[in-house]
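Notes follow once the structure below has been shown.
Values in this text are rule-based calculations from the coordinates and carry no lab data. Keep in mind it's a predicted model, so treat the numbers as computed, not measured. Cβ atoms come from the backbone with ideal geometry, glycine included; neighbour counts cover every protein chain shown.
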Amino acid sequence: MARTIVPIGPYHPLQEEPEFFTLTVEGEKVVGIDVRVGYNHRGIEKLSERKNFDQSTFVIERICGICSTSHPYAYTRAVEDVIPMEVPPRAKYIRTVIAEGERIHSHLLWLGLAGHFLGYNTVYMWAWKLREEILDVMEILSGNRNNYAMFTPGGVRRDFKPDDIPVVLKKVDSIVPTLTMLKKAVIDDPVLHARTKGIGVFSKEDAINFSALGPTSRASGIRKDVRKDSPYGAYDQVEWDMIVTENGDVFDKVVLRILEMFESIKIIKQCLDKLPAGEINANIESIPPGEGIGHIEAPRGECFHYVRSDGTNRPVRHKVRAPTFMNLPTYKATIVGQTISDATIILAAIDPCYCCTERVSVRTVKGKKLYSGEDLIKLSQAKTEKIREQLRK
Amino acid sequence: MGVKLNALLKSPWVFHLSTGSCNNCDIEILDCLTPRFDIERFGMVLAGSIKHADVLLVTGSANRQSMERVKRIYEQMPKPCLVVAIGECSLSRGLFIHSYNCPVPIDKVIPVDVYIPGCPPKPEAIIAGVVKLIEKVKASQKEAKK
């Protein structure tokens, strides 16, 4: 059958961010996909190198608006790993609360958009209405709706006020009934079953081969969660379960994210109850030369930061690996063989975040040499030398 | 021009364009459309295609990849049209002013009618900005009549 190429993007109503998909189709069936990113690249890693360690946190926060806690969290952990040091316990609890609040709002955002893509605008409106409540909680706790600016190497920048905590607990409790209603509406709906069950199946073998992260891998039955595997913050001091589903289709990813929100609510409530007294910032004096890594479980998977310091007040190298970087290639396994009308929801199922993924990476091909800037200078100097010798003769 | 602008302001359809922002302003725009803020009651609807839109909402600092495309999208828009720049990045590039990939603010690429500052601006601020835009156009119309 003749192959047709369907270009989607880069500016299209499907997702808020610009990205360019090329779907190769045979009739209704998708036989190939290619993704092109780069419309969002802002050179954040380089920007981070010209700011000092404290200022960098704010640049890192603006890698992505939805993950505006995950990136600073991983970055501050990387900087603390350079020293190495422990954060005061109160700061750990505050960080955990903020990170879980972000997880709820990110999952609700995704649930709403997924409903919208399937033609269920009711789910979209309900999810986003509920999301406002969480944003209110975050505004009470941090003063901001989106970019919380709570993190700093060594602790947090703002303390929770004692008066706010009962208000927040009440608000978090008020979310649960609506969320339960939403869960029932989504899980019991026959139309949603028909649209998402068995669609875009991502098998366990594929999940291992592609090194998928976060909900994308957990929906395929892989028990992998940084919060459990190498606990940070207050995650080892509160009780919660890792949600794992088995089938790997879109439906399982929806269910997994909804159930994860209930766990997040559990974590927030326990953290606010147990909140220890004491300092919130360790006030780092100086950062010694060395390297450090920080990884945390972002709503989309493991977020990884690497920082190298040379003893000055700026990082010499800062590397960011966002979860979507690993999850994006899984399209090759999920979308091929599906119909083009299901492409939208499969593309959205990994909860892609292209802003996070917009990093420059260098790939080496076997047998081919890649020239760095220094190599080119050497080549140029060698040529001048050659010409000089020829002229001498 | 008068009749056209009147029709334009009755229920302005908006198109949202991210030229390399961090998602935050984009989410706040979508927030405006959802139940808490619900600007649909004023007749504002998010248009799927630029060819159906009256107002262009631009977010983000135009980077080298998107600059040409933003121009092309603006040219496709039916005129008269209005452009709103949302967020610090599209105003002055904000934090990214020293970045190698953000050469100019958005108003050097396309003409902008209203600027809404903030990182990100709250939905209330976006709504206030759009109201100011409508008032500005109405005022200029009255002056033209005189």
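What to note about this one:
- Cα Rg, Dmax, chain B, angstrom units: 14.9, 48
- Put in order of Cβ neighbour count within 10 Å, fewest first, the listed residues A:331, B:100 become B:100, A:331.
- For chain B, the mean residue ellipticity at 222 nm estimated from helices alone is -12000 deg cm²/dmol, where every DSSP H run of n ≥ 4 contributes -39500 (n - 2.57) and the total is divided by all residues, rounded to the nearest 500.
- Rounded to the nearest 500, the helix-only mean residue ellipticity at 222 nm of chain A stands at -15000 deg cm²/dmol, with each DSSP H run of n ≥ 4 adding -39,500 (n - 2.57).
- Shape of chain A, Cα gyration tensor, a/c cut at 1.5: oblate
- You can think of it this way: the chain between residue A:389 and residue A:339 has 11.4 nm of extra reach, that is 0.36 nm per residue less the Cα-Cα gap.
- Separation between Cα centres of region A:341-393 and region A:1-56, rounded to whole Å: 19
- For peptide B:14-21, the mean count of partner chain Cβ atoms within 10 Å of a residue's Cβ comes to 5.
- In order along region A:38-48, the Karplus-derived 3J(HN,Hα) couplings, from 6.51 cos²θ - 1.76 cosθ + 1.60 at θ = phi - 60°, round to x, 7, 10, 5, 10, x, 6, 4, 6, 4, 4 Hz, and Gly and Pro are given as x.
- Cysteines in chain A lacking a second Cys C-beta under 4.7 Å: A:271, A:303
- Between region A:298-317 and region A:112-161, the alpha-carbon centres lie 25 Å apart.
- Label positions at residue A:372 and residue B:139, each projected 7 Å from the Cα along the C-beta direction, are separated by 5.8 nm.
- Candidates A:273, A:54, A:375, ranked by Gaussian network fluctuation over chain A, Cα under 10 Å, top entry: A:375
- Residues considered: A:255, A:201, A:238. Largest GNM mean-square fluctuation over chain A, using C-alpha springs under 10 Å, is found at A:238.
- Footprinting exposure proxy ranking of B:52, A:41, fewest other C-beta atoms within 10 angstrom first, gives B:52, A:41.
- Between residue A:164 and residue A:3, the FRET efficiency from the beta-carbon distance, with R0 = 60 Å, is close to 0.55.
- Comparing mean-square fluctuations of A:373, A:311, A:115 from a GNM of chain A with C-alpha springs under 10 Å, the top value falls on A:373.
- Helices that extend 30 Å or more along their long axis by alpha-carbon positions and average at least 0.5 on the Kyte-Doolittle scale are, among the DSSP H runs of chain A, A:164-187, A:250-274.
- Residue-by-residue Karplus 3J(HN,Hα) for region B:86-100, coefficients 6.51, -1.76, 1.60, Hz, glycine and proline x: 10, x, 4, 4, 7, 6, 9, 6, x, 5, 8, 5, 9, 6, 6
- Tilt relative to chain B, helix B:66-76 - C-alpha long axis, 0 to 90 degrees, to 10: 20
- Förster radius 35 Å - calculated FRET efficiency between residue A:379 and residue A:209 (Cβ-Cβ, nearest 0.05): 0.35
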